[in-house]
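> Okay, here's the structure, questions in a sec.
The values are calculated or read from the model by the stated rules, or taken from the named source; none is laboratory data. The shown structure was predicted, so the numbers you read here are calculated from the model rather than taken from an experiment. Cβ coordinates were reconstructed from backbone atoms using ideal geometry, including for glycine residues, and neighbour counts include every protein chain displayed.
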Amino acid sequence: MIRVWVAQHGVVFIQTLRRLVASPLTSLLSILIIGIAFSLPVGIYLFLENLQVLSGQAMVKPQMSLFLKQDAAQQDFENLRQRLATQEEVEQFVFVSKEQALLQLQQDAGLGDVLRSLKRNPLPDAFIIDVKDTRRTDTTERLKTVIQGWPEIEHVQFDFVWSKRLNAILNFGHVIVMMLFVLLSAGVVAVMFNTIRLQILTKRDEIELSRLIGATDGFIQRPFLYFGAMQGLAGGMVAWLVIALTLQISNTELEVLVELYALKLHLRHLAIGDSVSLLLFSTCLGWLGARLSVAIHLWRVQPN
């Protein structure tokens, strides 16, 4: 039974391939339309993913500065070290004494004479910490609130405006990608719907004859469903190739920037999982368009 089922599907698969080859221009146009439609949202998605990676390389990792009270003692420093070590969000931290901070300010700002004229050091002791995941603004906000409540801390400073802006841009970009994907997917279904409708009309006599000799609806529908799925798969492969070619050209041009800024700029292609998802999704959309067209138009073809 299984062998018969596999043989039937194998025959339909070969017949569908022959049908695609028999009308190369029509098939090629449909496949190109599907491929171009998918390459746009997938290309934008891939650009956003690469932007997120490249931004992490190009931007200096932000740091959180913890300024201690002026009367903080050595025991306070040790207590803070122990507390910071227990915070999961803290990647690493370093203690900067007020003497070190004053010396650094004298060297960097060129205000040595002015600072040496001060009667006392106005700078506080501080801890400089790195947060593990600065993209999660809720995590950094929570950590800042917790540390600000410690009795030894006078002020906590953390500049994460750039992180919020980057996250907002990326989130907006992902929303645009989803909207484009939905709209273009509907377009692909419509294209396949019309293609299968024309296929049904051109094979009207063959369908009528099949019904007269007792062919089931599943048997009659199967070639059209295979046709839609195979065109969807081919369209997904075209989209993958378009993106690969675009990335190859872009990476060639980026070599100049690599030499100028000494950054590891290399646009990455779709991961294996994303590539498989693209091909499966395009195949399913092709099948869906064919299924809808068959459900609406095939029942109208009845033998006289």
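> Looking at segment 59-77, can you tell me whether even one residue there is in a helix (DSSP H, G or I), aliphatic (A, V, I, L, M) and modelled with pLDDT of 80 or more?
Filtering segment 59-77 for residues in a helix (DSSP H, G or I) gives 74-77.
Checking the rest, the ones that are also aliphatic (A, V, I, L, M) come to none.
No, there is no match, as no residue in segment 59-77 is in a helix (DSSP H, G or I), aliphatic (A, V, I, L, M) and modelled with pLDDT of 80 or more.
> Being assigned to a strand (DSSP E or B) and under 19 Å from Lys69 (Cα atoms) is the filter here; which residues of segment 85-105 pass it? It would help to see each step written out before you state the result.
Here is the first cut: in segment 85-105, the residues assigned to a strand (DSSP E or B) are 90-96.
Scanning segment 85-105 gives Phe93, Val94, Phe95, Val96.
> Cβ-Cβ under 9 Å, sequence separation 6+ or interchain: first residue in segment 136-152 and assigned by TED's automatic domain parsing to the domain that holds Ala126 and of a type in the set (Val, Ile, Thr), partner at pLDDT below 80 and exposed (fewer than 12 other Cβ atoms within 10 Å of the Cβ). Which pairs?
Cβ pairs passing all conditions: Thr139/Asp133; Thr140/Asp133.
> Spot the failing condition for Gly173; the list is (1) loosely packed, with under 12 Cβ neighbours inside 10 Å; (2) at pLDDT below 85, and only one is missed.
The single condition Gly173 does not satisfy is (1).
> Let me ask another. Kindly indicate which of Arg204, Arg197 is among the basic types (Lys, Arg) and in contact with a helix residue (DSSP H, G or I) (Cβ under 6 Å, 6 or more places away or on another chain). It would help to see each step written out before you state the result.
Values: Arg204 fails: in contact with a helix residue (DSSP H, G or I) (Cβ under 6 Å, 6 or more places away or on another chain).
Result: Arg197 is the single residue among Arg204, Arg197 that is among the basic types (Lys, Arg) and in contact with a helix residue (DSSP H, G or I) (Cβ under 6 Å, 6 or more places away or on another chain).
> Here are the criteria: (1) under 30 Å from Ile128 (Cα atoms); (2) part of a helix (DSSP H, G or I). Tell me which single one Asn194 does not satisfy.
All conditions are met except number (1).
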